[in-house]
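Encoded as structure tokens, the structure appears first; notes follow it.
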Number of protein chains: 2
Amino acid sequence: MAHRLSTKERILNAAERLFAERGFSETSLRLITSKAEVNLASVNYHFGSKKELIQAVLARYLDIAMPAMARALEAQEAEHALTLEEVFEAIVEPMMSVNEVRPNGTAIFLQLLGRGYIENQGHLRWFVTTNHGAVLDKIVQVVHQAAPHVPAVEVFWRMHFSLGTLVFTMSSYDALVDIARADFIESNDVESVLRRIIPYVAAGVSAPLPQFIHGSK
Amino acid sequence: MAHRLSTKERILNAAERLFAERGFSETSLRLITSKAEVNLASVNYHFGSKKELIQAVLARYLDIAMPAMARALEAQEAEHALTLEEVFEAIVEPMMSVNEVRPNGTAIFLQLLGRGYIENQGHLRWFVTTNHGAVLDKIVQVVHQAAPHVPAVEVFWRMHFSLGTLVFTMSSYDALVDIARADFIESNDVESVLRRIIPYVAAGVSAPLPQFIHGSK
DNA sequence: GCTTATTTTAAACGAACGTTTTAAATAATA
DNA sequence: TATTATTTAAAACGTTCGTTTAAAATAAGC
């Protein structure tokens, strides 16, 4: 007979889906444990607290996606100088690879990331940057190399603009494809949306500087 | 002696600040009423429910900003054909004007908008689109005119990308200026950030199309 | 197989939440 | 000023939440 997943895994699987859909504080442990078909107290037994469960859910994705990104960037970097599009392609590819290890993984991962950044000020931000700050710095550095005419200050801002595009789009992904479907728009799967974002953010990052930047030092 | 604001206004003023900072569901009525120095029950007396208070807070901004945007777009449109930058300038200007009627109004407004879009799926989205859908359509239409080489489908997506950039940036505005200040970045006021966004989204909206678009009809 | 460690279960805890109720205070009206 | 309507006030309501407890069930080790 088929092996039933461990309680820990059942909780993580149910939690990540609900967290991505409804947000962290809108998702109760009772809802998670009922969907996972495990006892309520098992969350605190296996993870300690809800906050630690949230971090465990996110860590499961970060530990896959971030090293994959680092490898992809280094592989590209070794061969030749990168264009901005290539840099963002190298970022999207490992994100899509998460889709293979877990059904709908890419969308869930990005939605979780967005929720974490907007909802719970600080605590998750700290968790991400302290555990994967090196990769994040690497990304900024490679982007800066691919767009050398853009000052570092402006790269900083524009990378956050791009992150906003990414996580907001994925956070409202379900609503967007509903509207898009009503307007007979095709190819609305996650990968297509991500590939739509690439030229947008690439053009944005390398855009001409606003005038008021020239005036200041 | 100075006139004390009405209970209704005191609630709205306290609520909008806390909602923008902490999100809707993370802000209790008890916290709002204690900051506003009014009785807890007065929220339900004056607004009916927390949900209706949220809508009232948002409506106070939407009723100012959205008509102002419509007027600004029409005024520009009457004179000459618009470039994308001019379109976005015409959108930013009325947003900044909110800053004069209420201290820090622009940041609060955009943060509320972002919270509303991401946090509470649907219910606020419906509130915005049914009350100000005409202006939103107008914006998309004018943007499409200013970037006629971009298919309507792509304009749809890219306007949502731009909205994501806008609201995500303002939602994490406080955290961003903290990081930016640590890196000796100047001119981090709300208007400067908005003016940084304009060339970014303008370039993004008019970016060359991704290859896979050409293959489909 | 017996003992120990680990995991699951049911029940309850205390705190915080939005909301309602009822009475007191204030304002408006005549 | 007397009466009515409006607003404020304090207290409690019923729910839901994350968490804890203590016993039952299962697994592991010898």
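The values are calculated or read from the model by the stated rules, or taken from the named source; none is laboratory data. What you see is a predicted model; the values in this text were computed from it and never measured. Methodologically, a virtual Cβ is constructed for each residue, glycine included, from the backbone with ideal geometry; neighbour enumeration extends over all protein chains shown.
Out of all the residues in the stretch B:4-15, is one or more more than 27 Å from residue B:110 (Cβ to Cβ), surrounded by fewer than 16 Cβ atoms within 10 Å (Cβ to Cβ) and within 10 Å of DNA strand D (Cβ to nearest atom)?
Looking through the stretch B:4-15, at least one residue is more than 27 Å from residue B:110 (Cβ to Cβ), surrounded by fewer than 16 Cβ atoms within 10 Å (Cβ to Cβ) and within 10 Å of DNA strand D (Cβ to nearest atom).
Quick one: which helices (runs of 4 or more DSSP H) sit completely within the stretch A:1-93 and have at least 2 residues that are closer than 25 Å to residue B:116 by Cα?
Result: A:7-22, A:29-36, A:50-79.
State yes or no: is residue B:59 more than 14 Å from chain A (Cβ to nearest Cβ), touching a Ser or Thr at 6+ places or on another chain (Cβ under 8 Å) and more than 16 Å from DNA strand C (Cβ to nearest atom)?
no
For the structure I just gave you, tell me whether residue A:82 is away from DNA strand D (no atom under 16 Å from the Cβ) and either among the charged types (D, E, K, R) or more than 15 Å from the chain's Cα centre (by Cα) (or both).
So residue A:82 passes the test.
Quick one: which residue in A:66, A:159, A:96 is more than 9 Å from every other protein chain (Cβ to nearest Cβ) and under 21 Å from residue B:199 (Cβ atoms)?
A:159
Being within 30 Å of residue B:211 (Cα to Cα), at pLDDT 90 or above and touching a His at 6+ places or on another chain (Cβ under 7 Å) narrows it down to one residue among B:150, B:155, B:87, B:143; which is it?
One residue alone meets the criteria, B:155.
Which number in (1) of a type in the set (Gly, Ala, Ser); (2) more than 14 Å from chain B (Cβ to nearest Cβ); (3) within 11 Å of DNA strand C (Cβ to nearest atom) marks the one condition that residue A:25 misses?
(2)
Exactly one condition in (1) surrounded by fewer than 18 Cβ atoms within 10 Å (Cβ to Cβ); (2) away from DNA strand D (no atom under 16 Å from the Cβ); (3) among the polar types (S, T, N, Q) is not met by residue B:111; state its number.
Failed condition: (1).
Report, by residue number, each residue of the stretch A:170-217 that is at pLDDT below 70, in a helix (DSSP H, G or I) and aromatic (Phe, Trp, Tyr).
Result: A:212, single match.
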